[in-house]
Amino acid sequence: MENKIKELLSQMTIEEKISFCSGHDAWHAESLRRLGIPEIMMCDGPHGLRKRDKNEQGEYYTVKATCFPPASAMANSWDPSLAGRVGKYIGEECKAEQVSILLGPGMNIKRSPTCGRNFEYYSEDPYLSGKVAAGFINGLQGEGIAACAKHFCVNNQETRRFSTSANVSERALYEIYLPSFEIAVKEANVQTIMHSYNRINGHYVSEDKELITDTLRGKWGFNGYVMSDWNAMSSRVPAYKAGTDVEMPPCSGLRDAEVLEAYKNGEITMEEIDNSVTNVLRVIFRHLPNGEKGTFSVDEHHSAAAKAAEECMVLLKNDNNVLPFESGKPLAVIGGFAKKPRFQGGGSSHVEPLRVDDITEYLNAENGIEITYADGYDEKHTTNPELIAEAVEAAKKCGRAVIFAGMPDSYETEGRDRRHMKLPPAHNELIEAVCTACENVVVVLMAGSPNELPWVDKAPAIMHAYLGGQALGGAVARILFGKVNPSGKLAETHPVRFEDNPAYLNFPGDGDECFYGEDIYVGYRYYDKKKMDVLFPFGHGLSYTRFEYTSINADGNTVTVTVKNIGARVGKEVVQLYASALPHPVTSTYVGESSFGFARPEKWLVGFDKIELAPGEEKEVAFELYDRVFSVYDAKVKDFRVIGGDYAISAAASSRDIRISTTVSVEDDTSFVPVITKNTVFEDLFVDKRYPKAIVDELVKEVLPQFEGDGEEGLNFDEMRRHNGYVLRQKLTTVKSIEKLDEIIERANKKLREYYGK
Ligand code: BGC
């Protein structure tokens, strides 16, 4: 292929090359028939194919496709292989429509629970988000369809999305906002990346060379092409120079002229243009449709969507074992969402579903029960006392009820952020009234994001269906009646109040400036650090059985955890592994003195596995601890750095349900030669293992006599160590000779360089 591309480049005119770096139209990459390069099609998704086509009358319509659960639900499965199977099914539908690139997955971090597009994103945690996304990409690309990881990056709000600047620290950028993309590149070789609309620290992403060329391609090895989000490119020449390859959609040749001019006056080189054309051609040749329209079974895909939905729903609460429902008894089914469910969000990801389940039919059909249905609220989701009274009567008559509530379509859409986390008042009032009149009430929520639940203590059971895709009906019914044991776990924290969330003070920012004041403390990292109560924690989800965590062992980098099903039903457990930095034995005495000056979250997710266990069955799960588990991003050295010390490794059923822990000791990363200066924190010399003891001892021996006096006056060794953050400079008033001191320090640095062979 490389030779073919070289050959093509030699035959293309400069104008053809430039036009190749924008699309042919909104949904196609550029073609060049003269040289046999066809146009390939790209379409939105990602939880189903959204292909725009023209009918015989020349009118646009969206081709029908299977609507699988959107990302916010898929992440609750904590199952990358399931995401892979969904990717494969969507790939089959792409092949049936001769589509080469699917514009997804969306993998931005859920910074605020009110971002309008959260339903399209996976998680507040970068590791979980990256792993599930990589599963999806592998499944899709396995079918020969290129995925597109979007929106790269720090695109966490819809408000002023074309102009806002995400003002974020380098550490939060690399530890929170980039890793999921990094996993998509390294573990799934994602073929295209869509850069986002926003700016980061004042610069448009498309023009950020450090991100696009140095990080994405250089550090991570991305080998596909980078396209703009639709109309996201601010200036084409600087974007080219930063490494962005393609502008989407094309802008009628106007900007091609700009680039040609820049080429003529030497601002941009042929090599830079050739690089981009090469990147695009590689993807085109790897993903050419084979000319034959594939086929797929609509029924099979619907069942697959239902199976996926089953794994994504989360049983939040189940007091008195209200669930699973017994068959054969009457049931009040309340709420319009039972018949017309919420199953996806609005905007460019909106799939035209092949069919949509009416949940009441599944409740009836699968369980042979007598159902009394009541609307509960009207189509506009406004309060209607008559409908509430009717619902209360139905619940009383049946003695048990399930209420379907959640956020209406208008609440969750691309282009708008919510101003609050509330459900429609009509839904809250309905739930309060029914729970007051009836003891056995189950609330099934449908929404792509968390909400405040003022009635949470009154409803004995709550199941969150998230947005379950077109086939959610069977999944809901099977879980409610215990034919399927719920196994979803929350991929995001549900806070008690909107005001509790980490981004609350800084979302969506002042005008076009959004300050990421919470820094690395996103999601559970924040709630844990602040020891706040939450409504439902990250990783939470109940089952109809119980699991016991019987042992944990660490052997080198391998951690094994044994889990046993001690209940009476078959069930799946998501075993979660978290790391925490243990306080350093010397420095932990004082606030802020841990991990050599790096603040760390209370815990962070470093592994997970979903296993199925029969009653009484026990399984061992193995996890590999990788370097990044113990690293922080050190902006001073512009890289991740392992911080040595003791760490707790804990196996948990949720981020707030740690079951069993062990400790591992980690050596410092010695690849960065430390430098000693007058501003080096004295204590670091003793606890940071990168400073060899012999060199430090020698330095101390030589340095001490350079200071006059003792105790208060001079350099007192113990005092220097005791005081938080003392540096040598603090005692310079008593130093005999600054030159001599400099000399001693430089000698120590020389020894350090020799020690590290640099
Ligand atoms: C969205 C992208 C989408 C594109 C094409 C943009 O507005 O942000 O996610 O792929 O439109 O529809």
Qualifying residue in the range 234-254 (condition: farther than 15 Å from Phe20 by Cβ and within 16 Å of the ligand (Cβ to nearest atom)) | yes
Do we have any residue at all in the range 649-671 that's aliphatic (A, V, I, L, M), surrounded by fewer than 19 Cβ atoms within 10 Å (Cβ to Cβ) and within 29 Å of Tyr726 (Cα to Cα)?
-> no
Checked the range 407-434 for anything within 16 Å of the ligand (Cβ to nearest atom) and either part of a loop (DSSP other than H, G, I, E, B) or more than 30 Å from the chain's Cα centre (by Cα) (or both); matches are Glu412, Glu414, Gly415, Arg416, Asp417
Could you list, in sequence order, all residues of the range 627-663 that are among the hydrophobic types (A, V, I, L, M, F, W, C) and in contact with a Leu (Cβ under 7 Å, 6 or more places away or on another chain)?
-> Ala648, Ile649, Ala651
Counting only residues that are in contact (Cβ under 8 Å) with a residue 40 or more places away in the chain and in a helix (DSSP H, G or I), which one in the range 280-299 is farthest from Glu247 (Cα to Cα)?
-> Val298
Of all residues in the range 197-230, which are in contact (Cβ under 8 Å) with a residue 60 or more places away in the chain, part of a loop (DSSP other than H, G, I, E, B) and within 14 Å of the ligand (Cβ to nearest atom)?
-> Asp229, Trp230
Exactly one condition in (1) closer than 12 Å to Leu613 by Cα; (2) open to solvent by 10 Å² or more (accessible area, probe 1.4 Å); (3) in contact with a strand residue (DSSP E or B) (Cβ under 8 Å, 6 or more places away or on another chain) is not met by Val563; state its number.
-> (2)
Could you give every pair whose Cβ atoms fall below 7 Å, whose first residue belongs to the range 135-148 and is in contact (Cβ under 8 Å) with a residue 60 or more places away in the chain and more than 10 Å from Ser100 (Cα to Cα), and whose second residue is among the polar types (S, T, N, Q) and surrounded by 24 or more Cβ atoms within 10 Å (Cβ to Cβ), counting only separations of at least 6 or pairs across chains?
-> Cys148/Thr192
Answer residue from the range 40-68, given it is over 20 Å from Pro249 (Cα atoms) and open to solvent by less than 30 Å² (accessible area, probe 1.4 Å) and is farthest from the ligand (Cβ to nearest atom) among those | Thr66
In the range 612-656, which strands (runs of 3 or more DSSP E) lie fully inside it and hold 3 or more residues that are without any contact (Cβ under 8 Å) to a residue 40 or more places away in the chain, under 30 Å from Thr680 (Cβ atoms) and not assigned by TED's automatic domain parsing to the domain that holds Ser81?
-> 639-642
Residue satisfying condition, being of a type in the set (Val, Ile, Thr) and within 16 Å of the ligand (Cβ to nearest atom), within set Val356, Val351, Val322, Val333 | Val351
Report, by residue number, each residue of the range 416-434 that is open to solvent by less than 40 Å² (accessible area, probe 1.4 Å) and closer than 24 Å to Ser163 by Cα.
-> Asp417, Arg418
Could you run through the range 19-39 and say how many residues are within 16 Å of the ligand (Cβ to nearest atom), part of a loop (DSSP other than H, G, I, E, B) and open to solvent by less than 20 Å² (accessible area, probe 1.4 Å)?
-> 2
Looking at this structure, is Gly757 touching a helix residue (DSSP H, G or I) at 6+ places or on another chain (Cβ under 7 Å), small (Gly, Ala, Ser) and at pLDDT 80 or above?
-> no
Selected residue [modelled with pLDDT of 95 or more, open to solvent by 20 Å² or more (accessible area, probe 1.4 Å) and assigned to a loop (DSSP other than H, G, I, E, B)] from Pro502, Pro508 | Pro508
Restricted to the range 92-127, and to residues that are assigned to a helix (DSSP H, G or I) and crowded, with 24+ Cβ neighbours inside 10 Å, which residue is farthest from the ligand (Cβ to nearest atom)?
-> Pro126
Does Cys67 satisfy the condition of being outside the structural domain of Ser449 (by TED's automatic domain parsing), part of a loop (DSSP other than H, G, I, E, B) and over 30 Å from Ile520 (Cα atoms)?
-> yes
Sole residue being away from the ligand (no atom under 15 Å from the Cβ), of a type in the set (A, V, I, L, M) and open to solvent by 10 Å² or more (accessible area, probe 1.4 Å), chosen from Leu173, Leu178 = Leu173
Filtered residues of the range 287-303 (kept if modelled with pLDDT under 95 and open to solvent by 90 Å² or more (accessible area, probe 1.4 Å)) = Asn290, Glu292, Lys293, Thr295
Pairs only if they're at least six apart or on different chains, beta carbon under 9 angstrom, first in the range 6-25 and closer than 12 Å to Ser276 by Cβ and small (Gly, Ala, Ser), second assigned to a helix (DSSP H, G or I) and open to solvent by 10 Å² or more (accessible area, probe 1.4 Å); list them, first residue then second.
-> Ser19/Asp256; Ser22/Arg255; Ser22/Asp256
Per the filter on the range 131-149, residues away from the ligand (no atom under 16 Å from the Cβ) and farther than 20 Å from Ser449 by Cβ are Lys131, Ala134, Gly135, Asn138, Gly139, Gln141, Gly142, Glu143, Gly144
Go through (1) in contact (Cβ under 8 Å) with a residue 40 or more places away in the chain; (2) surrounded by fewer than 19 Cβ atoms within 10 Å (Cβ to Cβ) and name the single condition Lys693 misses.
-> (1)
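The values are calculated or read from the model by the stated rules, or taken from the named source; none is laboratory data. Note that the structure is a prediction, hence the values are computed from the model and not measured. Every residue, glycine as well, gets a Cβ built from its backbone with ideal geometry; the counts of neighbours run over all protein chains shown. Accessible surface areas use protein heavy atoms only, side chains included; no ligands, DNA or RNA. Shrake-Rupley method; radii C 1.70, N 1.55, O 1.52, S 1.80 Å.
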